[in-house]
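The values are calculated or read from the model by the stated rules, or taken from the named source; none is laboratory data. Every value quoted in this text rests on a predicted model; they were computed, and no experiment measured them. Glycine gets a Cβ as well: all are built from the backbone with ideal geometry, and neighbour counts include every protein chain shown.
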Amino acid sequence: MWRTGRVLNLRLAGREAARLCSSNPPKPSPPSSSQSKSSPRPQAEKQRRRREREEAILSSQHITTADEELKWSEKQKIAYTTKTPPGTKKDTSLLFPSAYNPEYVESSWYQWWEKEGFFSPEQHERLPHIVDQTFSLCIPPPNVTGSLHLGHALTVAVEDALVRWRRMQGYRVLWVPGCDHAGIATQTVVERRLLREEGKRRQDFTRQEFLQEVWKWKNEKGEEIYHQLRRLGASLDWSRACFTMDPGFSRAVTEAFVRLCDCGLIYRSEGLVNWSCALESAISDIEVDSKQLSGQTMLSVPGYENKVEFGTMLTFAYPIEGQEAEVAVSTTRPETMLGDVAVAVHPDDPRYQCYSLHLSVLRMLWLIGVCELLVLISSLCLCFAGAVKVTPAHDHTDFLLSQRHSLPRLTVIGGDGTMRPPCGQWLEGVKRFDARQFVVDALFEKKLFRGKKSHAMTLPVCSRSGDIIEPLLKKQWYIHCDEMAKKATQAVEDGQLEIIPHFYTKTWKNWLSNISDWCISRQLWWGHQIPAYQVELPNSTDKQEWVWGRSKGEARQRAAIKYGLKPEDITLTQDPDVLDTWFSSGLFPFAMLGWPEQTTDLQRFYPNSILETGSDLIFFWVARMVMLGTELTGQLPFKKVLFHSLVRDKHGRKMSKSLGNVIDPLDVIHGVSLEVKEGNLDPREQLVAMEAQRKDFPKGIPQCGTDALRFALCSHKMQGEDISLSISQVLSCRKFCNKMWQTLRFTLGVLGNNTTPVGALEETTPLSSMDRWICSRLYSTVKQCEQAFEAFELHIVTSVLYSFWVHSLCDVYMVRSIIFTQHYGSRHMAGSVLYHCVSTSLALLSPFMPFITEELWQRLQPVRPGAAAQTSLCLQLYPCSSQLVGLQPSNLLTTTRCVLTEAVSVLELGYVFHVCFFIRDLASDRWRSLLFLLCFFLLIIIFSTFDCVFAPLNIYEKSILFGKVVRPGEKFYILCVAFRLTSRRRYYHKKCV
């Protein structure tokens, strides 16, 4: 039915986003877990709600939704076939198509805007209405590996609306596009491609050879996101596009690392990190998903042929040497017991009262011999009875406990996921989950096994590889965050940084007050290689010394000065690790402007005016930008932070690849048929995803267009409430586009016969009460748009504009004023008022619907003779209330009685038509026309006799309403509009009052 050239592949390969593990470096005192304190609700409650949604989807009693009720017939496809070279202005002198078609409207305009440089701040100097103010912001750089989804589309729609609004106000505007190199994601994608196409792994290449393959892939595939941004109409300055691996940006990253090292904020230490054995790298918290298990579950793990069992609790005993006693402990990871160094017991548990010493050293039999274990009587176990094994090298809580009590840390699992030599020869080199069964068998053999039961648990999973996260002890580079976090908190408290909505201020403060040091090193090849060098001194075997520098030569000079040696006597080896992607992203607001060089852009546009992004990035990106920006530039990177909520599907579920509900915005714009493809998921997840797609889009997605999608996204309240978007809402906005299209056709028809030019708005004096009423509504609309834009309440702006265009302009004014003023000499004035209402409304809507407003505005310009050759609507002055002060209700209306009466009369006229149509339908075809006319005139006489609703209409107006003065085409239009007004009388009556 719709475009079938493209097929929406629903990828079911991801996981629900969550964060479980944190990369905590060693500290004198254990920091609190920010994740646990800021969790909005318990995991059990999240699971319950998710199960309810899944059951509702799978249930046969699934509630009928708007999309299922939606009846959509294929529309006539109208293509813009005129040959227009890219960058050439579209020809709007062609015949006006009879119906709106997004494909026709949206062609050619963006290429013209971009070529003419309308999105560049240099265009500011040529504006006649310039103001000496700047407005700058950066787009949250999407990963170069992927494509945009509807969440990204919301960001683009909101930011572009703000940017276009400020540009039309005369501000010098800079909106910089960019892409993030996405270290782990990109490297994973390229490794899979090489393995699939060439049968080679990363280790089969040298580092430089592999990086060449990555750059080759980036150059081939990396433009997809930029194409999507252009298709969404984003008015970005493409001449300043920024990629985080560009040479200039890379210099900024190196400079930031060196400066932070020089001031002591970056240090190298051993700490427990989230480790992906498949990637052989540490990963950030945001790249760790959580998988909820209700009990015993078999899961596929990368690198294992057979599924691995999870969700079980195994209990085994530690016998105490020399005594007839034992200590029983439980674990979900029996392979880590080989790294146990202590057992913690409850101090009041009577079973352990004999171990009265705070640190009693007892001998316990271990699997591979005799080992000393510390029986730790600690407050750690006050929350439950029993004993807990302590494995500092493989558990975050145990690691903090080892810091407090100076416990040893025994690493038994290597970075490749195999068991290390301390486990003994019987397990050395065995994969960790294979070793699990070996350990259980050994416990059985030594009669230490005490039981096994199903156990609900949360499993940390690498979002990139699907591997099970293994907490490992590694030497990494960290950033001290305490002092920077205090400055970021103080900036909000002092009002220097405004967070919108304001309730996020509490979240901001809570997280920053419990922040841990930030692990910034990753064991990858793709990314910014850490500019730190290991120093080898003559006659020394110590390789723990490190220096850093902007280049290897500078690092050598620093080492020579530090150790009092000649530079040529020092050997340097650069750290092979790369920096965390979030580190480079945290520099984006100023690195995109040329920092550390004092460029013109940096001096003019920094700090940025605002940052707009999703609320889920408040910690991982926004807070880090504030900390790094303040430390490196001495200024906050932006003055305001505007958070929008998450986009969810109509079932209330977060859009996720694992749920199969991620939608490419281009599929909504162009229309698409659906083909659900299964992925490597749990069978239930696959079933839920496929069933949801079948119910949501049984016939696919119709062609909606860019303007409709943007308007629908901005119509939702984005501050504080998650957005449940359905295609039916976007399709409704497409119908609004058609309403605009038909309104302009009608307007051009009214103005087409005028011989007197349409004057300026300031020269237009409304004569009739209806003209004065619509002008007052226009003034009120402009005023409300001003206030809502300033408060970033875009949903109010869209609501006000929709209400004015549909309810005030079309349903009331165009029906009443245009029809009845034909019989007097005021038609020209009514046409002027109509022209300015439509022209002003197009300018008001331009930030949200750039394509259709440009098309209609260009077609409207020739109507005004003598008008200057205007370039584009996006550069015109945005309507402001100060320009329309003469249209204020207090200046135009001394009383609302006449306007109310006229408006109601039109609505009651709709009732007349409604009754006439009803009676006509009861008659046979032969007598329908005659019966309709008789009923109509009879009702007019009745209403006129009682003088109830047609007081402003004299008998002449009523009698000639369908006479020769009204053309046949207008008759049909009048009937159609009046008929649909009948159901809206109460609403209009209230609005008029």
Residue among 213, 122, 114, 191 that alone is assigned to a helix (DSSP H, G or I), free of Cβ contacts under 8 Å to residues at least 60 places away in the same chain and not assigned by TED's automatic domain parsing to the domain that holds residue 617: 122
Mind checking which residues of region 230-254 are within 24 Å of the chain's Cα centre (by Cα) and either over 23 Å from residue 596 (Cα atoms) or in a loop (DSSP other than H, G, I, E, B) (or both)? 230, 231, 232, 233, 234, 235, 236, 237, 241, 244, 245
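Okay, residues lined up against (1) closer than 24 Å to residue 788 by Cα; (2) under 25 Å from the mean Cα position of the chain (by Cα); (3) surrounded by fewer than 17 Cβ atoms within 10 Å (Cβ to Cβ); (4) not acidic (Asp, Glu):
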residue	(1), (2), (3), (4)
107	no, no, no, yes
110	no, yes, no, yes
133	yes, no, yes, yes
161	yes, yes, no, yes
170	yes, no, no, yes
Given the conditions (1) in contact with a helix residue (DSSP H, G or I) (Cβ under 7 Å, 6 or more places away or on another chain); (2) touching a residue at least 60 places away in the same chain (Cβ under 8 Å); (3) of a type in the set (A, V, I, L, M, F, W, C), and given that residue 519 satisfies all but one, which numbered condition is not satisfied? (1)
Is one or more of the residues making up region 305-328 more than 25 Å from residue 392 (Cα to Cα), outside the structural domain of residue 185 (by TED's automatic domain parsing) and in contact with an Asp or Glu (Cβ under 6 Å, 6 or more places away or on another chain)? no
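Take residue 630 and tell me if it is assigned by TED's automatic domain parsing to the domain that holds residue 505, among the polar types (S, T, N, Q) and free of Cβ contacts under 8 Å to residues at least 40 places away in the same chain. Steps first, answer last, please.
On the way: assigned by TED's automatic domain parsing to the domain that holds residue 505: yes; among the polar types (S, T, N, Q): yes; free of Cβ contacts under 8 Å to residues at least 40 places away in the same chain: no.
Against the criterion (assigned by TED's automatic domain parsing to the domain that holds residue 505, among the polar types (S, T, N, Q) and free of Cβ contacts under 8 Å to residues at least 40 places away in the same chain), residue 630 does not qualify.
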Hey, among the residues in region 385-400 that are assigned to a loop (DSSP other than H, G, I, E, B) and at pLDDT below 85, which one's surrounded by the most Cβ atoms within 10 Å (Cβ to Cβ)? 386
Would you confirm whether or not region 753-766 contains a residue that is part of a helix (DSSP H, G or I), touching a helix residue (DSSP H, G or I) at 6+ places or on another chain (Cβ under 8 Å) and at pLDDT below 80? yes
So residue 351 fits all but one of (1) at pLDDT below 65; (2) in a helix (DSSP H, G or I); (3) surrounded by fewer than 17 Cβ atoms within 10 Å (Cβ to Cβ); what number is the exception? (1)
Can you tell me which condition residue 246 does not meet? The list is (1) under 17 Å from residue 110 (Cβ atoms); (2) surrounded by fewer than 17 Cβ atoms within 10 Å (Cβ to Cβ), and all the others hold. (1)
Based on what the data block shows, is residue 162 touching a Pro at 6+ places or on another chain (Cβ under 8 Å) and assigned to a loop (DSSP other than H, G, I, E, B)? no
Checked 584, 540, 551 against criteria (buried (at least 22 other Cβ atoms within 10 Å of the Cβ) and hydroxyl-bearing (Ser, Thr, Tyr)); the one match is 584
Which condition from (1) touching a strand residue (DSSP E or B) at 6+ places or on another chain (Cβ under 7 Å); (2) in the same structural domain as residue 635 (by TED's automatic domain parsing) is the one that residue 586 breaks? (1)
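Go through 140, 121, 86, 128 for me and flag whichever is at pLDDT 80 or above and under 30 Å from residue 510 (Cβ atoms).
Numbers: 121 fails: under 30 Å from residue 510 (Cβ atoms); 86 fails: under 30 Å from residue 510 (Cβ atoms); 128 fails: under 30 Å from residue 510 (Cβ atoms).
Selected residue: 140, the only one of 140, 121, 86, 128 that is at pLDDT 80 or above and under 30 Å from residue 510 (Cβ atoms).
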With respect to residue 155, is the statement that it is more than 30 Å from residue 843 (Cβ to Cβ) and either out of contact with any Pro (no Cβ under 8 Å at 6 or more places or on another chain) or in contact (Cβ under 8 Å) with a residue 40 or more places away in the chain (or both) true? no
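Are any residues in region 446-472 of a type in the set (A, V, I, L, M, F, W, C) and closer than 12 Å to residue 281 by Cα, and if so, which ones? Before the answer, list the steps.
If we filter region 446-472 for residues that are of a type in the set (A, V, I, L, M, F, W, C), which is where we start, we get 448-449, 456-457, 459, 461-462, 468-469, 472.
Matches in region 446-472: 462, 469, 472.
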Looking at region 724-733, which of its residues are crowded, with 21+ Cβ neighbours inside 10 Å and closer than 30 Å to residue 505 by Cα? 725
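So which of 615, 585 ends up being closer than 30 Å to residue 416 by Cα and under 27 Å from the mean Cα position of the chain (by Cα)? Steps first, answer last, please.
Details: 615 fails: closer than 30 Å to residue 416 by Cα.
Of the residues listed, the single one that is closer than 30 Å to residue 416 by Cα and under 27 Å from the mean Cα position of the chain (by Cα) is 585.
Filter region 294-328 down to residues that are part of a strand (DSSP E or B) and at pLDDT below 90, then give me how many there are. Steps first, answer last, please.
Of all residues in region 294-328, those part of a strand (DSSP E or B) come to 297-299, 308-310, 312-320, 326-328.
Next, from what is left, pick out any that are at pLDDT below 90: 317-320, 326-328.
Going through region 294-328 one residue at a time, the tally reaches 7.
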Given the conditions (1) more than 30 Å from residue 576 (Cβ to Cβ); (2) touching a Leu at 6+ places or on another chain (Cβ under 9 Å), every one holds for residue 165 apart from (2)
If you check every pair at least six apart or on different chains, which have Cβ atoms under 9 Å apart with a residue in region 713-740 that is on the phi > 0 side of the Ramachandran plot first and a residue that is surrounded by fewer than 18 Cβ atoms within 10 Å (Cβ to Cβ) and not in a helix (DSSP H, G or I) second? 720/501; 720/503
